[in-house]
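To keep things clear, I will list the structure first and then write my remarks on it.
The values are calculated or read from the model by the stated rules, or taken from the named source; none is laboratory data. Note that the coordinates shown come from a computational prediction; the quantities given were computed from them, not determined experimentally. Cβ placement follows ideal geometry from the backbone for every residue including glycine, while neighbour counts extend to all protein chains displayed.
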Amino acid sequence: GHVRLQLEMLTYIPRAKTIVFVVDASNMHTQARHAAELLYDLFTNVEIEKVANMVVLCNKSDVTGARPAPRVKISLQQELDKIKSTRKSLNESDEVSSIPLGRPGEPFNFEKDAPLPVAFVAGSAKNDDMEKLTELLELCK
């Protein structure tokens, strides 16, 4: 999304029950790093602990060459691990308004290291294929 909206997104965390984080599954090879940076900012925000869960919507899953949700998850874990190491070495995790992410010396894993439950689903906004997302959101109520 737009940089201005990305910064504004953090102000809504305290009021959110569920975060739907949308990624372009057809273009993960170029967007994985940027998506992981946004996830890192969300996961290290002290307000994230107030959010019940997150759903990563792998949009454009109908496009030829789109990565399936499990592959998107792996790509994001790998990028989050790199960011975790880089930001730790820059001492950015010492900020008062952030929480540390992950286990020291261990690769990032959504199940073990995310500060909230994270589910991955495939879908297509263009083709109105949001059934899996809708089902998960119903469970989150």
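For this structure, a couple of remarks:
- Residues being aliphatic (A, V, I, L, M), part of a helix (DSSP H, G or I) and buried (at least 16 other Cβ atoms within 10 Å of the Cβ) - total across segment 1-37: 7
- For Val63: the one exception among (1) touching a Gly at 6+ places or on another chain (Cβ under 7 Å); (2) part of a loop (DSSP other than H, G, I, E, B): (1)
- Screening Val72 against (1) touching a Phe, Trp or Tyr at 6+ places or on another chain (Cβ under 7 Å); (2) in a loop (DSSP other than H, G, I, E, B) leaves a single unmet condition, (2).
- Qualifying residue in segment 32-44 (condition: farther than 21 Å from Ser124 by Cβ, modelled with pLDDT under 90 and of a type in the set (Gly, Ala, Ser)): no
- Filter pass, Glu49 being surrounded by fewer than 14 Cβ atoms within 10 Å (Cβ to Cβ), under 17 Å from Met9 (Cβ atoms) and not hydroxyl-bearing (Ser, Thr, Tyr): yes
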